[in-house]
């Protein structure tokens, strides 16, 4: 029987879409090659519109609810382990390295799931100001975050590029290039985890074609690159970002509590204490 | 001055006393939501469900308020209000039909002196954005056409501009224009939004002589809510404690099914008391609600889920 | 007779299957007890015998502790992320079998199904979900890697929220790497026994969770066992004091969550209708069998009559009856002993001069019941204003100034919780600053969350359960 080959598409607003430009690029794996959407500037602008709505829907849910949703993603991965291993092997990993990567990915998801309803306890606090005042530093997610995945062939690394900001309540546009097949495949399990539409959008393409536009886009609140950028790109990005004081993070920490710190906005509230 | 229920109120309550009432208004939003939530867990089954459904039918004001309403349309609806389920004599008639002033006389021709009342909206429903004189004319016309009940809207412009006295005075004037006809005052809770606004508007309306306070016009996306009904019930009860006068409540706009309607009855029963479980004290402004209730009644009798085509259109 | 009566809406009990006799859960499986003594657990709403429960003896406790010691060897080598996953799986199973647990809880303890279904069980699942998420984050929880689990912890829980108290104890203990020997209350062991089945189902390593049922003698054996490195107790203040005394020179961890006589302060600028709801919830929720119940109503004098009128009217709508009827608000009193205690304290209050209001309602002929009651005209010296009644009885006192309110509220050996009702924000904060209570509810009451630390001042105990601070009850700094 003829084998049917999967088409990978961008995952935006809870739907699978091709690039509006109709353009694609090729990713060659060991046994298979895939045509992936070459995300255009317009695609990205649509993704941002979706992410803005997604931020509201994601934050309407209680943190407890978000914990359960992220945990569900780990359940999905566990259930589809074999297909991920197969894909990683096709990317060049050995079977045992692939399994290890999935083990790590699942543990990473479980770790961030449990952080979703605790991070404020670890980062916010009451402040002992002088005077009859109650003063509290409340922690809020930044908003819409654009993240660039590294080129490493790893589901765990991919997850570490979007889950820190997502788990504390940001909505994320995650962009992958050479290894985008992994990301677009993950989209299927993301879709099944009950994440609200727009809270996580997964796209493929060539960052050099879009970074100028994206770093100028006022409605993206932060840009985080988990891939090392060259000096020219960094210069352009920072110059563009300065026009709207966008937050730029180059190679942020992927470890523990420090991985979420860049994506937090602190709000401090005062109230007098008196009869 | 007395109202349809034969009660007397030294109406209107003085403005000075009204201000005192308004000063004391404090409502906690979360507390209200929790109370409604808790009441919504009541499980109403079997005999108590059938009884509730019959109450709902008897409390329905079948409503059509569209630019495209014609005499033919209103006649169909009125016939349905008079006999909601022709195959079942145990199903009561609805409380009233609610129409625009130009359709009042045709409705009245059909209802005659049956139990079904003809209610008319007026006062430049739904926005009320005209001077008092126009509102009085609107109302007088409806009364002359034969309306038994008048549904007016409060002046939200005045309310949000902080002129509560004007809101009060207009209702007093419109009540006078109604003579002995029953007056319902629509607060439009979807615009008032906060529970404190809703409570204040309720108290002003009651103090000015309204027989009923009503949640909504049904013409904006946010219609009635159970929380609004709870807050209004508190106002009605407090007003009764002070004056002895029992006003009624009408909920309208967005009550789509029988289950929801029954939840409103639970609020009425547990917050106001059983005296209010009566068409003289509680109404539902409805269009599609009635059909769902009829289906539920038929289901309880026959134990099979029903479809709308078994019931005559209205 | 009401104009519109709610028909009975009974939650079926066919979903539960109760065995006639139970043993203990030790070393990962159900086992026959060494003790030959059994007691009967009874449904307090029907007085029907539900099952025979073993009264664990010294040997049973010993087996359990030894099993927990062995279990600790395995559990301390288990990766934190794996510990997390066991707890997540338990949380999922609890969610799946929520209805079954809720019905069983209502049958065994007498609380309304509405509460066990809508409050107890969701909180139980939430606690397992919440603490699962700490298991792999202990190193960042308090900024040090030096904190270690105690080892074997002995846990004794009360009968008012049987499964929830189990969750409050077991979830953090396991998340932090301890192993457990749990003794549920004498009158409410059934949901704990069902929980043990779940532990078996998720394949929790042997000895990590152990369950020994019994009475006060069993608890005593557990408390005095040399193999225990920490005791966590929730129950009456008198037993708590006994335990603290018994610990003596042993260098073990101890947390106590004891009784309360909380003040619910209503200022004259409160949102009165919602305050009435909060006060009703504060004392009548769970039939008043709540350590943090708002059992003293402190009313500002100038709103006394208006408030009491509203309160009595609201109390009259409370429905007392069959816990399995979904429309029941107030269930059965947990036992004959407790019912007698409540009755005697109320009589004392009347004799002292208090005015008693009780709602009018029919009570079932079988079972243990008490009508929701309200005392007014009470002086602070009356015993009903001082002693914990642990029943649906509210005592009213008046105050004139905020200072007086705080004074009266603090005039007790207890310090578990308090309520403050006012629409003025600064007054909430001012009052909260001055109340000696571990949990303060402002414009609300009886709110619980796994992330929110709970525990008392003074004789209401020490240590906190829940939240980041709750971890400290199960971790010690290596010295």
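Of the residues making up the stretch B:35-44, just one is closer than 16 Å to residue C:276 by Cβ and either within 7 Å of chain C (Cβ to nearest Cβ) or not in a helix (DSSP H, G or I) (or both), namely B:35. With the structure loaded, tell me whether residue B:40 is at pLDDT 95 or above, surrounded by fewer than 23 Cβ atoms within 10 Å (Cβ to Cβ) and more than 18 Å from residue B:250 (Cβ to Cβ) or whether it fails that test. When the stated conditions are applied, residue B:40 passes them. When B:206, B:192 are checked against the criterion of being in contact (Cβ under 8 Å) with a residue 60 or more places away in the chain, within 20 Å of residue B:285 (Cα to Cα) and touching a helix residue (DSSP H, G or I) at 6+ places or on another chain (Cβ under 6 Å), B:206 stands alone in meeting it.
For (1) surrounded by fewer than 24 Cβ atoms within 10 Å (Cβ to Cβ); (2) outside any helix (DSSP H, G or I), each residue gets a yes or a no:
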site: B:158; (1), (2): yes, no
site: B:173; (1), (2): yes, no
site: B:198; (1), (2): no, no
site: B:219; (1), (2): yes, yes
site: B:231; (1), (2): no, no
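Summed over the stretch C:436-451, the residues that are without any contact (Cβ under 8 Å) to a residue 60 or more places away in the chain and under 23 Å from residue C:240 (Cα atoms) give a count of 3.
If I filter the stretch A:241-274 down to residues being touching a strand residue (DSSP E or B) at 6+ places or on another chain (Cβ under 8 Å) and within 14 Å of chain C (Cβ to nearest Cβ), which single residue comes out as surrounded by the fewest Cβ atoms within 10 Å (Cβ to Cβ)? The selected residue is A:269. Do the conditions hold for residue C:391, that is, is it away from chain A (no Cβ under 13 Å), buried (at least 22 other Cβ atoms within 10 Å of the Cβ) and without any contact (Cβ under 8 Å) to a residue 60 or more places away in the chain? Here the answer is no, as residue C:391 does not meet what is asked. Only one of the numbered conditions (1) within 14 Å of another protein chain (Cβ to nearest Cβ); (2) in a helix (DSSP H, G or I); (3) touching a helix residue (DSSP H, G or I) at 6+ places or on another chain (Cβ under 6 Å) is violated by residue C:451, and that is (2).
Considering only the stretch A:65-86, state which residues are over 30 Å from residue C:451 (Cα atoms) and surrounded by 19 or more Cβ atoms within 10 Å (Cβ to Cβ). Passing the criteria: A:84, A:85.
Applying the set (1) in contact (Cβ under 8 Å) with a residue 40 or more places away in the chain; (2) under 22 Å from residue A:271 (Cα atoms); (3) in a loop (DSSP other than H, G, I, E, B); (4) touching a strand residue (DSSP E or B) at 6+ places or on another chain (Cβ under 9 Å) to residue C:423 leaves exactly one unmet item: (4).
For the stretch B:67-87, a residue qualifies if it is touching a helix residue (DSSP H, G or I) at 6+ places or on another chain (Cβ under 7 Å), over 22 Å from residue B:278 (Cβ atoms) and assigned to a loop (DSSP other than H, G, I, E, B), and exactly one does: B:69. Here residue C:295 fits the description: buried (at least 22 other Cβ atoms within 10 Å of the Cβ) and either free of Cβ contacts under 8 Å to residues at least 12 places away in the same chain or more than 16 Å from residue C:461 (Cβ to Cβ) (or both). Checking each residue of the stretch C:245-266 against the condition of being within 14 Å of chain B (Cβ to nearest Cβ) and either surrounded by fewer than 22 Cβ atoms within 10 Å (Cβ to Cβ) or without any contact (Cβ under 8 Å) to a residue 24 or more places away in the chain (or both) gives no match.
Determine whether residue C:335 is within 20 Å of the chain's Cα centre (by Cα) and either more than 14 Å from chain B (Cβ to nearest Cβ) or on the phi > 0 side of the Ramachandran plot (or both). Yes; evaluated as a whole, the condition is true for this residue.
Taken as a whole, the structure places residue C:405 among residues that are touching a strand residue (DSSP E or B) at 6+ places or on another chain (Cβ under 7 Å), within 14 Å of chain A (Cβ to nearest Cβ) and in a helix (DSSP H, G or I).
Output the number of residues of the stretch B:88-108 satisfying the condition of being in a loop (DSSP other than H, G, I, E, B) and either touching a strand residue (DSSP E or B) at 6+ places or on another chain (Cβ under 6 Å) or touching a residue at least 12 places away in the same chain (Cβ under 8 Å) (or both).
8
Within the stretch C:350-364, not a single residue is crowded, with 23+ Cβ neighbours inside 10 Å, touching a residue at least 40 places away in the same chain (Cβ under 8 Å) and over 27 Å from residue B:263 (Cα atoms). Picking from residues in the stretch B:45-71 that are farther than 17 Å from residue B:298 by Cβ and crowded, with 22+ Cβ neighbours inside 10 Å, the one that is farthest from the other protein chains (Cβ to nearest Cβ) is B:63. Taking the stretch C:200-222 as the range and being surrounded by 23 or more Cβ atoms within 10 Å (Cβ to Cβ), outside any loop (DSSP other than H, G, I, E, B) and in contact with a helix residue (DSSP H, G or I) (Cβ under 7 Å, 6 or more places away or on another chain) as the test, the residues that pass are C:209, C:210, C:211, C:218, C:222. Scanning the stretch A:67-91 for residues that are over 30 Å from residue A:143 (Cα atoms) and assigned to a helix (DSSP H, G or I) yields A:79, A:81, A:82, A:83, A:84, A:85, A:86, A:87, A:88, A:89, A:90.
The helices (runs of 4 or more DSSP H) falling completely within the stretch A:92-169 that include 3 or more residues that are over 19 Å from the mean Cα position of the chain (by Cα) map to A:95-115, A:119-123. Just one of the numbered conditions (1) modelled with pLDDT of 95 or more; (2) touching a helix residue (DSSP H, G or I) at 6+ places or on another chain (Cβ under 6 Å); (3) assigned to a loop (DSSP other than H, G, I, E, B); (4) within 27 Å of residue B:47 (Cα to Cα) is not true of residue B:246: (4). Select from the stretch B:1-34 the residues that are at the interface with another protein chain (Cβ under 9 Å from one of its Cβ atoms) and modelled with pLDDT under 90 and list them in ascending order. Matches in the stretch B:1-34: B:24 only.
Among the strands (runs of 3 or more DSSP E) confined to the stretch C:134-190, the ones with at least 3 residues that are surrounded by 24 or more Cβ atoms within 10 Å (Cβ to Cβ) and away from chain A (no Cβ under 14 Å) are located at C:152-156, C:179-183.
The values are calculated or read from the model by the stated rules, or taken from the named source; none is laboratory data. Since the structure is predicted, the reported quantities are computational estimates derived from the model, not experimental observations. Positions of Cβ are generated from backbone atoms using ideal geometry, with glycine treated the same way; all protein chains shown enter the neighbour counts.
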